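Participant: My questions will all concern the structure given below.
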Amino acid sequence: MTDTVDKVPAPTVPPEQIKAIPVRHYGRWVAGVLVIAVLVLIGIAFSNANINYSIIPDYLTDGTILSGTWHTLYISVLAMVLGLALGVILAVMRMSSNPVTSTVAWFYVWFFRGTPVLVQLLIWYNIALVFPILNLGFYKDEMNQVMTPFLAALLGLGLNEAAYMSEIVRAGIQSVDEGQTEASHALGMTQGQTLRRVILPQAMRVIVPPTGNEFINMLKTSSLAYAVQFNELIKRAQDVSSTSLAVVEMYFVASIWYLILTSVFSVGQYYLERRYARGSSRNLPPTPLQRLRKNLRAFASFRRPEVAR
């Protein structure tokens, strides 16, 4: 008879702690050093340039420069309104089943997108070579008196923008499901009522972001109006540089004002996009101001000492 030996369980050995070794990204360090080196070299080059930077702050509030800034903003807003209104009409014409209106809209977009804006501005400014007299029946005058630099700039910028806005509006309209149109017609709404009350409000979510980009681009494209002697920002900066002989300095002044204008309208575009995104996104991301307030509250609660109970 054999003796039974009690089996003693073997001691459990705890597993070794995993030691994570981070991956070294040497390429990122090299790229970062190269970028910083390039920025330093550019900064050194501009600091050693023959440019009088001290006069730039003085000319930022110069009356001539402020007048040019106002004219830039004024012509940009009017040209954008003209382009948006005409773009909606062209988009509807382009989608029409009428072959004449759709062909005319297609040709308009093809022509104005295919030719430079500067050429269009110059053609409008010299349109008196084609139509010496403007005769509308109830109004008659020489075209040289009618086609002022302001009108040439407005037509050149606005009609060119209409070609781009028509494609943006057409894309927004086509993004709305066709069932919306069928349901509207079933309720007895006309084509115009369906477009105004059903299609366009839903299409705005797609139309607004590129429209904001187009307006910001319009602020910079309006600088081409100097070619037709319109007193926008670049033209006024050149007028100041012709008397002060500070050519490059005035271009820096104009660039600063362009940056200010585009930054302000970029903020407006951001909040406008949030407004039209409410129907498609339930949880909107916090705004920069909301994130700042949240971080400040977190920092304040961290610094606040605990009260002893």
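Participant: Residue by residue, what Karplus-based ³J(HN,Hα) values in Hz, rounded to whole numbers, does segment 210-225 have, using 6.51, -1.76 and 1.60 with θ = phi - 60° and x for Gly and Pro?
Facilitator: Using θ = phi - 60°, the values come out as x, 5, x, 5, 5, 5, 4, 5, 5, 4, 7, 5, 4, 5, 5, 5 Hz.
Participant: Still on this structure, please answer the following. Find which of S175, Q191, L272 sits farthest along the positive direction of the dipole of the chain, computed with +1 on the beta-carbon of Lys and Arg, -1 on that of Asp and Glu, about the Cα centre.
Facilitator: Farthest along the dipole direction, towards plus: L272.
Participant: Name the shape class, rounded, prolate or oblate, that the alpha-carbon gyration tensor gives for segment 174-236, where a ≥ b ≥ c are the square roots of its eigenvalues, rounded holds for a/c under 1.5, and otherwise prolate holds if a/b is larger than b/c and oblate otherwise.
Facilitator: prolate
Participant: For W70 and L134, FRET efficiency with R0 = 30 Å and r from the beta-carbon atoms, rounded to 0.05?
Facilitator: Calculated value: 0.60.
Participant: Taking 0.36 nm per intervening residue step and subtracting the Cα-Cα distance, what contour gain separates F252 from I89 on full extension?
Facilitator: Residue separation times 0.36 nm, minus the Cα-Cα distance, leaves 54.8 nm.
Participant: Additional query: What is the spin-label model distance, in nm, from Y53 to I260 if the labels are put 7 Å beyond Cα along the C-beta direction?
Facilitator: Calculated label separation equals 1.9 nm.
Participant: Add +1 for every Lys or Arg and -1 for every Asp or Glu among the other residues with Cβ under 12 Å from the Cβ of T69, and state the total.
Facilitator: Here the charged neighbours net out to 0.
Participant: Of all the accessible heavy-atom surface of the chain, with the other protein chains kept in place and a 1.4 Å probe, what percent is carbon and sulfur?
Facilitator: Reported share for carbon and sulfur atoms: 64 percent.
Participant: Which of L78, L90, L134 moves most in a GNM of the chain, Cα contacts under 10 Å?
Facilitator: L134
Participant: Relative contact order for segment 159-233: what is it in percent, counting Cα pairs under 8 Å that are at least 6 residues apart?
Facilitator: It rounds to 33 percent for segment 159-233.
Participant: Using θ = phi - 60° and the Karplus curve 6.51 cos²θ - 1.76 cosθ + 1.60, what whole-Hz ³J(HN,Hα) does each residue of segment 95-104 get, with Gly and Pro shown as x?
Facilitator: 8, 6, 7, 6, x, 6, 5, 5, 5, 5
Participant: Rounding to the nearest 20 debye, state how big the charge dipole of segment 62-206 is about its Cα centre with +1 on each Lys and Arg Cβ and -1 on each Asp and Glu Cβ.
Facilitator: Result for segment 62-206 is approximately 180 debye, rounded to the nearest 20.
Participant: Leaving out ligands and nucleic acids, and using a 1.4 Å probe, what accessible area per residue does the chain come to in Å²?
Facilitator: For the chain, the solvent-accessible area averages 69 Å² per residue.
Participant: Moving on to the next point. Just one of (i) 0.95; (ii) 1.61; (iii) 1.15 is Cα Rg over 2.2 N^0.38 Å as worked out from the coordinates here. Which one is it?
Facilitator: Evaluating Cα Rg over 2.2 N^0.38 Å on these atoms matches (ii).
Participant: For segment 191-204, what does the Karplus curve 6.51 cos²θ - 1.76 cosθ + 1.60, with θ = phi - 60°, yield as ³J(HN,Hα) per residue in whole Hz, taken in order and with x for Gly and Pro?
Facilitator: Going residue by residue, I get 5, x, 5, 4, 5, 6, 9, 10, 6, 4, x, 6, 6, 4 Hz, with x marking Gly and Pro.
Participant: With a/c under 1.5 counting as rounded, go ahead and sort segment 34-98 into rounded, prolate or oblate using the C-alpha gyration tensor (a ≥ b ≥ c being the square roots of the eigenvalues; past the cut-off, prolate if a/b is larger than b/c, else oblate).
Facilitator: The shape class here is oblate.
Participant: What residues from segment 196-240 fall in the zone where the backbone N is under 13 Å from a label point 7 Å along the Cα-to-C-beta line of Q180?
Facilitator: In segment 196-240, the label zone of Q180 (backbone N under 13 Å from the point 7 Å along Cα→Cβ) covers 196-208.
Participant: Classify segment 128-281: rounded, prolate or oblate, from the alpha-carbon gyration tensor (a ≥ b ≥ c, eigenvalue square roots; a/c under 1.5 rounded; otherwise prolate if a/b is larger than b/c)?
Facilitator: oblate
Participant: Taking the alpha-carbon distance from K235 and a cut-off under 16 Å, which aspartates and glutamates remain once sequence neighbours fewer than 8 residues away in the same chain are dropped?
Facilitator: Of all the aspartates and glutamates, those that pass the test against K235 - Cα under 16 Å, at least 8 places apart if same chain - are D62, E249.
Participant: Give me the number: length gained by fully extending R297 to V81, i.e. 0.36 nm times residue separation minus the C-alpha to C-alpha distance, one decimal in nm.
Facilitator: Value of the extension gain: 73.6 nm.
Participant: Now, a different point. Give, as a single signed number, the net charge of other residues whose beta carbon lies under 14 Å from the beta carbon of I55, with Lys and Arg counted +1 and Asp and Glu -1.
Facilitator: Neighbour charge sum, excluding I55 itself: -3.
Participant: When you have a sec, figure out the Kirkwood radius of segment 218-259 from all distinct Cα pair distances and drop it here in Å to one decimal?
Facilitator: About 10.3 Å, per the Kirkwood formula over Cα pairs.
The values are calculated or read from the model by the stated rules, or taken from the named source; none is laboratory data. In this text, all values refer to a predicted model and were calculated from it rather than measured experimentally. Every residue, glycine among them, receives a Cβ derived from its backbone with ideal geometry; neighbour counts consider all protein chains shown. Areas reflect the complete protein model, heavy atoms only, side chains present, ligands, DNA and RNA absent. Shrake-Rupley method; radii C 1.70, N 1.55, O 1.52, S 1.80 Å.
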